[in-house]
């Protein structure tokens, strides 16, 4: 029996049985659609670059909003005690919730195929390789943000606090690339390597570099592991 | 079936559970009694593998809580304190999720069984947050028994219910106790007394009493109080003291028609009822009534928990 899948299904069900999923999806599509269409005819280039560039910024709000309640709400309502006394491992709970969040992001991205169709219809030589890389970048980005959001949700029983914490971690990782001038030369390299936007830019240029993939996977695994440790900390003696 | 050895749990510097030891046999209904904050819930949380012991050991059917927690969790059905539920799910969706987690093959039959047992007819398709507290409690119990666990643990199952609901839930618990090893925690004495074979009283993290209701009562009852009603001359009553050793007369209350109520006390070790009866017969008094006053478990409980609490 795959407990991870069960948890993911349950979370997806509760996303769609409350207004959360609908509100978040509608706003995501509205904002990304606006940023995609408005420069399209001005630039007259059949590409998704303007869409890809805005998504990481929308995600800074969008993903903390969908992950903030995942664990904090269960802590607050006490249902975590039921869930953890089922024969489910804490790591399975965390990973199940992660898949639910990533699936919701995936559903949002499926709707953006409309943008893709638009440029396929309007444009001539569309660079499908670049578009594939862009989407891949957004998915690994969504995974990393989701893991951060779930970690933030695991350390508090208050959804708002979870939102603010994950927002700041993500915002920090996103913004450092733009603040490098304030950082001493000796350690610029480290900060640049930590930056989300630095690693994302290659994807959007149509390049899949394993270093970038490893960066996002490490962030994802690190924060999911931290969330699991936080859950397990109740068992510390 | 369940063995607890020298169990200790510290929350920071606060010792919630302090070296407790007990065993639970298969099929037993155990009442876990104590005032609020005595360490009942903490013990149950360790037993259900939600928390880990600071020291000591819990084994359930030879599985250890630290090493085989998943196996233990499979054996146990648990209703936590305050009955947490996924309020936005319907009863059906919730029980289905639980059934899937519990790896039940035949969900429909299991659902039918728990709906039958817990009296959930007519609310199965409702969202849980629309249910009354009594029904929510039934959903909580349904969740705990859907996989027909060997061991059922209910943490304060009737708190916050109205008297009718309490009676209903108690009936349900009694019914469940026929087939399962059952642990119920409560701070309400009558509840435990009504349902349980054995009672463990816990206070400040320590076990202060462990036994059947009768054992507990008799161990704390060293004096027996006897009430008699006789038709006699009031002045002659004190003669009893001269003829029977080691008794005290607590009070003599004359009623109408020469009926006199007498309260007598003697040490529980020697039953004086025969001597008293023989004496009344010899005096040619007419005996209307004679009964022992039963010390209530309530008094035992109060003694145990207040004395201990007061000494700190």
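Exactly one residue out of A:131, A:82 is free of Cβ contacts under 8 Å to residues at least 40 places away in the same chain and either over 28 Å from residue B:129 (Cα atoms) or within 14 Å of another protein chain (Cβ to nearest Cβ) (or both): that is A:82. Put simply, of B:108, B:40, B:45, B:112 the only residue that is in contact with a helix residue (DSSP H, G or I) (Cβ under 9 Å, 6 or more places away or on another chain) and more than 7 Å from chain A (Cβ to nearest Cβ) is B:45. Screening the stretch A:1-115 for helices (runs of 4 or more DSSP H) wholly inside it with 3 or more residues that are under 21 Å from residue B:70 (Cβ atoms) and out of contact with any helix residue (DSSP H, G or I) (no Cβ under 6 Å at 6 or more places or on another chain) returns the ranges A:79-85. Of the numbered criteria (1) on the phi > 0 side of the Ramachandran plot; (2) outside any loop (DSSP other than H, G, I, E, B), the one residue A:169 fails is (1). Going residue by residue through the stretch B:89-99, is there one that turns out to be within 26 Å of residue B:111 (Cβ to Cβ), more than 13 Å from chain A (Cβ to nearest Cβ), crowded, with 22+ Cβ neighbours inside 10 Å and more than 24 Å from the chain's Cα centre (by Cα)? Checked against the condition, which is being within 26 Å of residue B:111 (Cβ to Cβ), more than 13 Å from chain A (Cβ to nearest Cβ), crowded, with 22+ Cβ neighbours inside 10 Å and more than 24 Å from the chain's Cα centre (by Cα), the stretch B:89-99 yields at least one hit.
Do we find a residue being part of a helix (DSSP H, G or I) and away from chain A (no Cβ under 14 Å) anywhere in the stretch B:13-36? No. Scanning the stretch A:17-39 for residues that are under 28 Å from residue B:98 (Cα atoms), surrounded by 14 or more Cβ atoms within 10 Å (Cβ to Cβ) and more than 9 Å from chain B (Cβ to nearest Cβ) gives A:20, A:21.
Scan the stretch B:267-285 for residues that are part of a helix (DSSP H, G or I) and surrounded by 14 or more Cβ atoms within 10 Å (Cβ to Cβ) and report the count.
5
When the stretch B:61-83 is filtered for residues that are at the interface with another protein chain (Cβ under 7 Å from one of its Cβ atoms), surrounded by fewer than 20 Cβ atoms within 10 Å (Cβ to Cβ) and closer than 21 Å to residue B:159 by Cα, only B:82 remains.
Any read-out appearing in this document is the output of simple, stated calculations on the displayed coordinates, not a laboratory observation. Everything numeric in this text was worked out from a predicted model, so none of it was measured. Here Cβ is always computed from backbone atoms with ideal geometry, including for glycine, and neighbour counts include all displayed protein chains.
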